[in-house]
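The values are calculated or read from the model by the stated rules, or taken from the named source; none is laboratory data. Owing to the predicted nature of the structure, the values given are computational and were not obtained by experimental measurement. As a convention, Cβ positions derive from the backbone with ideal geometry for all residues, glycine included, and neighbour counts pool all protein chains shown. Note: areas computed on protein heavy atoms with side chains; ligands, DNA, RNA excluded. Shrake-Rupley method; radii C 1.70, N 1.55, O 1.52, S 1.80 Å.
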Amino acid sequence: MTVTIDRHGGIAVLTIDNPPVNALKTAVRARLAELVGMLDADPGVTAVLLCGAGKLFIGGADITEFDRPPESPTLPDMIARIEGATKPWIAAIHGQALGGGLELALGCHYRVAAPGATMALPEVNLGIIPGAGGTQRLPRLIGLAAAIPVIAERDLLDTDRAASLGLLDHVIDGPLTDGAVAFARNLTGLPLPVAERPLPDPGPAFWEMASARIARGAKGQSAPLAALAAVRSGVEQGFAAGLRIERETFLRLRASEEAAALRYLFFAERAAPRPANLRSIEPHPVRTVGVVGGGTMGTGIAAALRNAGLTVVLSERDAAALERGMIAVRGIFEAAARRGLITTAEAETRMAGVTGCVGLEGLAECDLVIEAVFEDLAVKRTVFADLGRLCRADAILATNTSYIDPRQIAEGLPAPERFVGLHFFSPAQVMKLLEIIPHPATSPETLATAFDLARRLGKVPVRSGICEGFIGNRILKRYRARAEAMLRDGTPHSAIDAAMRGFGHAMGPFEMQDMAGLDIAFLNREAARQRGEAIPEGPIELLVRAGRKGIKTGGGWYDYAPGDRTPRVSDEATQILAPLMGSSAALSSPQIVDQLIGAMAEEGRAILAEGIAASPADIDLVQVHGYGFPRTRGGPMFQTDRKAKP
Ligand code: 3H9
């Protein structure tokens, strides 16, 4: 049963019961539509209360239905029926009312909510706009200034704000159903229909400002501005025309590549923290985490852990390095406070949960220790030998290595079943990706703990098998190699970067190298040569030997003005690179994109064939959350999969 009915005297209480999020799938819509007529015709019913079972009211339309043509009754039709009912319908909101769930509540005649509920229209996250009246009813209820950020800019309303804006008619402090039934009993009739409420046009300056603000925050996505356009057409042409335009836009965007990519990522991100094979395994309790190494990675990891409420012990080799590390962690919290993300008091509280220790003895009581010292096998082995001796027998030990084989690091560890790779991305307090790399001996409990930690940290975890660079850096290497091969064939690096930016990347492969510093790649290549790998001299060697190491030296692939990260084409770099450049005609932007995405996907397929990644979606999550692949494009595997389909 998707909708249950209960009677409280003359009040019919309908409860949508469609776990896990009461999504408005076809069967729910059909049942509700049927009930409108039945309850209207029932002389014993004076009002209808609409509730959600479980922890929330309604999570929205059922996104799994979006790959099929809309099925009757559609959500707009069903809401229109409720709006046209002769008896009052009251939405009783608890937990969350999202997307179509909030739109359904807006179509009811009254709304009441429990304290602490959230009301939002997150459709733009899925590349669509509200498609069941949200762009028309919300502004008429709470005004344009408050409604536009909710519709187009991901603003969330909590119960207090929703009540003060007039979205809610009443806040119910005690048990929700009882309070809502009492509210319903006191009603004397229907309010003025939302469609008839005035919505004056604020004039062109208002729209221009809203449009500029939304464009800035849209990150290349088309839905936010389309949502604003739907609101505006309702203001200029009236409610009915607004509804029609909203629906057309919703259906058009729903069928777009962008929306398909964002839906795909929505489900991949939801599935990532809970791999099926670990669902029944209890994670190890983790409260206090040790971090070894107070450099950029270690301090970022410490901040990420504190942001999730874990207690942190930061360990460094000597007092001076520890002090630098502690100052760096404090700097992260203070920067968050300056940007208004947390209060200064909260920054202090977060810092108070970080203690420092010189040496590893201070980590003895930690539940988990994450090693983030520099990439040197001997150093890491010494750290783990000491941790193995000093830490509690049940503590989990993790390495943040990005390149070294975890099997080599763990050699000689007394309990390799409690050892795992946790590869964070820099800055670790910001980047969402966490590659989890089990050692062959890692126990399911240790692995489940790693995934649970990722969930608590708000990270997107992806399990990777062991290979050089794991999933992400292995694909990066292939991507860079392909870009360099294009360059050698005769396509200028500026054209390659511009093509990737045009595709949606924040920067192209050569700009990325300038930002990271070419010397790092140079040193890695030198180290590989010393290990006996045949790596030919290439552009990186030419640039670094000419002193061009990237932004930090004022030039690399590009020139940079002091204090400005804008790349400018460099005559000097062009001259340095000239001997390497082939004479083939430069590739066009679509060819560049095709070849680079193709190279990434090809490496991805090899990674899948070797069992390094579990699914194409995992590879795409790595690209989107660790390497700046544009969300609206889904990922390299998604791209090639779509291309392969007729
Ligand atoms: C919309 O409403 C369009 C309308 O304007 C117009 C229509 C005409 N549908 O996140 P969780 C699944 S667009 C289908 O882990 P939480 C999810 O995949 C929609 N499935 O739980 C997962 O499945 P599994 C606008 C959905 O407690 C399971 O439920 N609404 C939907 O951390 C649990 O999810 C949104 O964009 C759905 N709508 O968070 C809200 N939602 O167990 C999207 C979830 O198989 N949803 N699932 O992996 C959310 O933000 C969160 O899921 C929510 C619960 C906050 C509700």
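The residues on offer are A47, A23, A61, A41, and the sole one that is small (G, A, S) and either over 19 Å from I93 (Cβ atoms) or surrounded by fewer than 16 Cβ atoms within 10 Å (Cβ to Cβ) (or both) is A41.
Taking the stated definitions as given, is R154 out of contact with any strand residue (DSSP E or B) (no Cβ under 9 Å at 6 or more places or on another chain), within 25 Å of L243 (Cβ to Cβ), modelled with pLDDT of 95 or more and basic (K, R)? No, not satisfied.
If I128 satisfies every condition in (1) more than 7 Å from the ligand (Cβ to nearest atom); (2) aliphatic (A, V, I, L, M); (3) under 22 Å from A227 (Cβ atoms) but one, which is the exception? Unmet for I128, out of (1) more than 7 Å from the ligand (Cβ to nearest atom); (2) aliphatic (A, V, I, L, M); (3) under 22 Å from A227 (Cβ atoms): (1). Within region 247-270, does at least one residue satisfy the condition of being β-branched (V, I, T), more than 10 Å from the ligand (Cβ to nearest atom) and open to solvent by 40 Å² or more (accessible area, probe 1.4 Å)? Checking region 247-270: not a single residue is β-branched (V, I, T), more than 10 Å from the ligand (Cβ to nearest atom) and open to solvent by 40 Å² or more (accessible area, probe 1.4 Å). What do you reckon, is P175 under 20 Å from G9 (Cα atoms), open to solvent by 60 Å² or more (accessible area, probe 1.4 Å) and modelled with pLDDT of 95 or more? Against the criterion (under 20 Å from G9 (Cα atoms), open to solvent by 60 Å² or more (accessible area, probe 1.4 Å) and modelled with pLDDT of 95 or more), P175 qualifies. The criterion of being over 32 Å from the mean Cα position of the chain (by Cα), assigned by TED's automatic domain parsing to the domain that holds T401, modelled with pLDDT of 95 or more and over 20 Å from L413 (Cβ atoms) holds for L322.
Of all residues in region 132-173, those that are among the acidic types (D, E) and more than 16 Å from the ligand (Cβ to nearest atom) total 3.
When you check G116 against the structure, is it within 7 Å of the ligand (Cβ to nearest atom), part of a loop (DSSP other than H, G, I, E, B) and touching a residue at least 24 places away in the same chain (Cβ under 8 Å), yes or no? So G116 does not fit the description; no. Here D67, D62, D40 are screened, and the one residue that is of a type in the set (D, E, K, R) and at pLDDT below 95 is D67. Here R548 meets the list (1) surrounded by 13 or more Cβ atoms within 10 Å (Cβ to Cβ); (2) at pLDDT 95 or above; (3) not in a loop (DSSP other than H, G, I, E, B) almost entirely, failing just condition (3).
Condition check: open to solvent by 10 Å² or more (accessible area, probe 1.4 Å) and at pLDDT below 90. Does E526 satisfy that? Taking the combined requirement at face value, the residue satisfies it. For region 204-218, a residue qualifies if it is loosely packed, with under 12 Cβ neighbours inside 10 Å and either at pLDDT below 95 or among the charged types (D, E, K, R) (or both), and the qualifying residues are E208, R216.
Each residue in region 71-105 was checked for being of a type in the set (A, V, I, L, M), in a helix (DSSP H, G or I), within 11 Å of the ligand (Cβ to nearest atom) and open to solvent by less than 10 Å² (accessible area, probe 1.4 Å), and 4 of them qualify.
Being of a type in the set (A, V, I, L, M, F, W, C) and without any contact (Cβ under 8 Å) to a residue 40 or more places away in the chain: is that true of L192 here? Yes.
Close contacts from region 244-271, counting a first residue that is modelled with pLDDT of 95 or more and a second that is near the ligand (Cβ under 8 Å from one of its atoms) and open to solvent by 40 Å² or more (accessible area, probe 1.4 Å), with Cβ to Cβ under 7 Å and a gap of 6+ residues or different chains, come to L262/N125. Looking at region 487-498, can you tell me whether even one residue there is without any contact (Cβ under 8 Å) to a residue 40 or more places away in the chain and either among the basic types (K, R) or open to solvent by 30 Å² or more (accessible area, probe 1.4 Å) (or both)? No, that holds for no residue.
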